[in-house]
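Participant: Structure in structure tokens, see below.
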There are 2 protein chains.
Amino acid sequence: MTNNEGVTKEPEWRIKVEDGVIWKRAETSRTMWTFIASLYFNLCKFMRKSWEIGVNDPRKFIHCLKVGITLTVVSLFYYLNPLYDGVGGNAMWAVMTVVVIFEYTAGSTIYKGINRICGTTLAGLLAFGVHWVCSKAGEKFELIIVGVLLFLLASAATYSRFIPIIKARFDYGVMIFILTFSLVSISGYRIDELFDVAKARISTIIIGTSLCIMVSLIIRPVWAGLDLYVLVIGNIDKLADSIQGCVAQYFELETSDEESTKNIIGYKSVLNSKATEEALANFARWEPPHGRFNFRHPWKQYLKIGATMRRCASCIETLNGCIDSENKTSYDMKKNMSAPSMKVGANTASVLRELAITIKTMTKSNKLDTLVIEMSNTSQELQNLLKSYPNTHNKNGTEVPYDDDDEKFEIPIMEIIQVVTVVSLLNEIVVRVKDIVKCVEELSNLAKFEPSILSKCNKSKQHLADNKISPEQQNDEETIIKTIQIV
Amino acid sequence: MTNNEGVTKEPEWRIKVEDGVIWKRAETSRTMWTFIASLYFNLCKFMRKSWEIGVNDPRKFIHCLKVGITLTVVSLFYYLNPLYDGVGGNAMWAVMTVVVIFEYTAGSTIYKGINRICGTTLAGLLAFGVHWVCSKAGEKFELIIVGVLLFLLASAATYSRFIPIIKARFDYGVMIFILTFSLVSISGYRIDELFDVAKARISTIIIGTSLCIMVSLIIRPVWAGLDLYVLVIGNIDKLADSIQGCVAQYFELETSDEESTKNIIGYKSVLNSKATEEALANFARWEPPHGRFNFRHPWKQYLKIGATMRRCASCIETLNGCIDSENKTSYDMKKNMSAPSMKVGANTASVLRELAITIKTMTKSNKLDTLVIEMSNTSQELQNLLKSYPNTHNKNGTEVPYDDDDEKFEIPIMEIIQVVTVVSLLNEIVVRVKDIVKCVEELSNLAKFEPSILSKCNKSKQHLADNKISPEQQNDEETIIKTIQIV
């Protein structure tokens, strides 16, 4: 019986196993393992991607070390007795200053540092004035006077942050002004030795700021100005590649491999770099002279160049869209228009690359005018060819003399829509590239670029010019371009 | 003699006056007055312009008052003894929190507040852990352990701020984490009752944050989400006006008065709104459900709509540029192409306006499909007309039957370049508007827009729909659009 019972129970138990708890358990445990595995996989992916940000731009690693070092140094004010005796608990303000104002670029660190010092000092002085008035008026009025003034000043200062020019240059300073005024004026109600406290705080803030600015400027500085400069040069090159790539793709002379597709869509990063350019230009003006940039380098002009580049880029985007449209041009016409169109594309790209070299070497180019004239001429030739096309080509694509009226053939308008559009857009691109040329020329005047006299005699001018930027700096700049693309 | 001397001296004196000190003095005083006057004039201009920012968007005035009120309220922790006894000198942290985290939109205030609380708490706990380990390890190791950990954590946390997803959502939190960890871990070296201090600080930070979030949400809240929503709707309307205006200007049916020029260049603000859109979408996700937006409203989709709109806008920009080009179309051809082109422009504008209404009313439009088909048809008709143009029109602009081969006339290609380009670009714009339609449809699915059933029966659907937004809200939204244009 016992055996029988055991036999009869076994299948029951087996059935239980098959669609019951243990299966569910196995299921749950598998789901959990899948979940953990996917979590681990995602985490690894995230870590790898995060690591790559620094590998692509090692300046980011260096920045982190700089922050770490500065913070450790400033914390010595707490640890070392001779330093602590000088500033006491106010050492906190030095630490706070370092954390808050140490930014990636030197320009933004200086901007925040100066704003912090000025905001603190101004607000501190004002708060002392208020405190003095209150002490004369008597304690019972102090609460009312300080309260009303705090309300009014905080409201007014907050309002001033909406004004574009103040927002761009002193936003942080105004915030610090409100902060300091509030703290000092209301502390006055409780702390008797207000002046000593305030003096210690301002001095620790100055210590923190100076340390940040020094570290930021001395250890491998990251210049917002240089970043802007490299960004603009990189964008000009991208535009050149984009134009040439687009034309080549349309006339099917280029197989669309990964490299050429990447070149063609370069215009997209030009279209997207407005915010970065503005931020960099804003910080660049706070930077001291560095490298080849003097104190009043016309950073704003780079924004103008950026704006004209974006206009050109949006034209390339339209060209890119039109190329994919349904109206296909006849093979013959495309073949005939190919060479002159490619020439326009190549000349436009040459002009843009010459502009990039002009900015890179900071020397006025004497090839530029010739290149611009060449670009205009080829563009005009292309248009003339298009205009005279029905007269000079018959349907078989063989050329006939222009004056031979009897041989004239008509081309269906359907077949020329696309090519006419492409030529028009190329023409429009040429016009917009001329705008970029004007802007760069303005920059060369404003920034007093040197005229390059040697270039005509010396064929290796470009090499010379390129060598002005040291290989290390060049590497650095390539990294910057990469970085900015990521951002 | 004295007289004579006087006479002889007078001319000398006069000469002295004429090119000497007094003239200079007068000159200086005049220059000074001019300087003061111009300073006064510029100051007045600056003040007027600053004032207008608030007049155009009264929410900015209200925001300033909100900051003033919150700051005054939080300063009561200093003034009122029962409150001061609770938190003591740590009331400073509440004031600091209010100044630092109170931002214009509710979303950004919540973002900063939550980041501040989480960053502080996490870093505080970690610092306590470190402090506990140090207290076990002995005082002589404390300096080394804390120093090394501070360096490593500060570097790692700073690095994490470069990772896009952390930068977008937790940038402020990471900064506060570094700040708190530094302050607590190094304070542990000097302050014995670290736990009490930290508890008081965290509680004051929570008090400050709660106060800010409450004021920000209760008194006339400024929603980043609503701003984004209104910005996108406004931009769609601007695109519609721009397209219609451009076509009308080209076919010279519109005299270019100030109003129409303003309409045409509407695309520019579409091109420039990327940064604003991204910032608003980033803050909108922190906001609680408000108005017609639920908790998981697909704010990201607005960014997609914005991107497709910018693609359309860059096409309009190119169209605008091509219109001004040298190649002028013959009057006859332009006249003949005018009506169908205008129709395409009008239909495209209708589709865009319908999209704006769809988003505004948050109801799926059942007119939209018809409008899109109509737009595609008119665009196809326009192309067909262009393709058959040489066959159906003679040089005098009178129509001839299509099959009448003998009457066929040829049109010089020069005369059609511009019109072909304009038609191609209009076609491209139609294609890109279809992309916008797709994106808005995606939004309507994601945000579960209600289907509008009544619309077919009720001719006054649009009125009804418009009325869903109260007049006050409408006013509010108009103000927002104005504001965002200024920003």
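The values are calculated or read from the model by the stated rules, or taken from the named source; none is laboratory data. Treat the numbers as computed from the prediction; the structure is a model and nothing was measured. Cβ sites come from the backbone with ideal geometry, for glycine too, and all protein chains shown count toward neighbours. These area figures cover heavy atoms from the full protein model, side chains too; ligands, DNA and RNA do not enter into them. Shrake-Rupley method; radii C 1.70, N 1.55, O 1.52, S 1.80 Å.
Participant: Identify all residues within the range A:350-381 that are crowded, with 22+ Cβ neighbours inside 10 Å and within 14 Å of another protein chain (Cβ to nearest Cβ); write none if there are none.
Facilitator: Passing the criteria: only A:S379.
Participant: B:I233: over 30 Å from B:S341 (Cβ atoms) and either open to solvent by less than 70 Å² (accessible area, probe 1.4 Å) or more than 23 Å from the chain's Cα centre (by Cα) (or both), yes or no?
Facilitator: no
Participant: Where in the range B:80-165 are the helices (runs of 4 or more DSSP H), entirely inside, with at least 3 residues that are charged (D, E, K, R)?
Facilitator: Answer list for the range B:80-165: B:106-137, B:139-160.
Participant: Moving on to the next point. Could you tell me which numbered condition B:C246 fails, if it satisfies all but one of (1) open to solvent by 10 Å² or more (accessible area, probe 1.4 Å); (2) within 14 Å of another protein chain (Cβ to nearest Cβ); (3) not hydroxyl-bearing (S, T, Y)?
Facilitator: (1)
Participant: Of the residues B:I233, B:I218, which is away from chain A (no Cβ under 14 Å), touching a Lys or Arg at 6+ places or on another chain (Cβ under 9 Å) and among the β-branched types (V, I, T)?
Facilitator: When all the criteria are applied, what remains is B:I233.
Participant: What are the residues in the range A:437-455 that are in a helix (DSSP H, G or I), of a type in the set (S, T, Y) and over 23 Å from the mean Cα position of the chain (by Cα), if any?
Facilitator: A:S455
Participant: Would a scan of the range A:292-299 turn up a residue that is assigned to a helix (DSSP H, G or I) and more than 14 Å from every other protein chain (Cβ to nearest Cβ)?
Facilitator: Yes, the range A:292-299 contains a residue that is assigned to a helix (DSSP H, G or I) and more than 14 Å from every other protein chain (Cβ to nearest Cβ).
Participant: Further, regarding this structure: Check A:K304, A:K268, A:K343 and return the single one that is out of contact with any helix residue (DSSP H, G or I) (no Cβ under 7 Å at 6 or more places or on another chain) and either at negative phi or open to solvent by 10 Å² or more (accessible area, probe 1.4 Å) (or both).
Facilitator: Testing whether each residue is out of contact with any helix residue (DSSP H, G or I) (no Cβ under 7 Å at 6 or more places or on another chain) and either at negative phi or open to solvent by 10 Å² or more (accessible area, probe 1.4 Å) (or both) leaves just A:K268.
Participant: Please work out if B:K434 is within 14 Å of another protein chain (Cβ to nearest Cβ), modelled with pLDDT of 90 or more, open to solvent by 20 Å² or more (accessible area, probe 1.4 Å) and not in a loop (DSSP other than H, G, I, E, B).
Facilitator: Values: within 14 Å of another protein chain (Cβ to nearest Cβ): yes; modelled with pLDDT of 90 or more: yes; open to solvent by 20 Å² or more (accessible area, probe 1.4 Å): yes; not in a loop (DSSP other than H, G, I, E, B): yes.
Answer is yes for this residue.
Participant: On the given criteria, is A:F295 in contact with a helix residue (DSSP H, G or I) (Cβ under 8 Å, 6 or more places away or on another chain) and among the aromatic types (F, W, Y)?
Facilitator: No; evaluated as a whole, the condition is false for this residue.
Participant: Restricted to the range B:117-167, and to residues that are within 13 Å of another protein chain (Cβ to nearest Cβ) and basic (K, R), which residue is nearest to A:E103 (Cα to Cα)?
Facilitator: Step by step, filter the range B:117-167, then rank; the result is B:R161.
Table: residues versus (1) in the same structural domain as A:Y111 (by TED's automatic domain parsing); (2) open to solvent by 30 Å² or more (accessible area, probe 1.4 Å); (3) out of contact with any helix residue (DSSP H, G or I) (no Cβ under 9 Å at 6 or more places or on another chain).
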position	(1), (2), (3)
A:G129	yes, yes, yes
A:W132	yes, yes, yes
A:G138	yes, no, yes
A:V146	yes, no, no
A:L153	yes, yes, no
A:R161	yes, yes, no
A:P164	yes, yes, no
A:R169	yes, yes, no
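Participant: Tell me the helices (runs of 4 or more DSSP H) entirely within the range A:182-289 that contain at least 2 residues that are at pLDDT 90 or above and among the polar types (S, T, N, Q).
Facilitator: Once the helices (runs of 4 or more DSSP H) in the range A:182-289 are filtered for at least 2 residues that are at pLDDT 90 or above and among the polar types (S, T, N, Q), what remains is A:194-218, A:224-250, A:274-284.
Participant: Also: Say we look at the range A:309-336 and pick out the residues that are away from chain B (no Cβ under 12 Å) and part of a helix (DSSP H, G or I); which of these is nearest to A:E428 (Cα to Cα)?
Facilitator: Taking the candidates together, the pick is A:M309.
Participant: Under 8 Å between Cβ atoms, which residue pairs at least 6 apart in sequence (or on different chains) link something in the range A:237-249 that is touching a residue at least 12 places away in the same chain (Cβ under 8 Å) with a partner that is among the basic types (K, R)?
Facilitator: A:D237/A:R353; A:A240/A:R353
Participant: Any residue in the range A:399-415 that is modelled with pLDDT of 90 or more and in contact with a Ser or Thr (Cβ under 6 Å, 6 or more places away or on another chain)? Give the derivation first.
Facilitator: Filtering the range A:399-415 down to residues modelled with pLDDT of 90 or more leaves none.
No, the range A:399-415 contains no residue that is modelled with pLDDT of 90 or more and in contact with a Ser or Thr (Cβ under 6 Å, 6 or more places away or on another chain).
Participant: Okay, next question. Does B:S182 satisfy the criteria of being facing chain A (nearest Cβ under 10 Å), open to solvent by less than 50 Å² (accessible area, probe 1.4 Å) and within 27 Å of A:I62 (Cα to Cα)? Explain how you work it out, then say what you get.
Facilitator: On the way: facing chain A (nearest Cβ under 10 Å): yes; open to solvent by less than 50 Å² (accessible area, probe 1.4 Å): yes; within 27 Å of A:I62 (Cα to Cα): yes.
Answer is yes for this residue.
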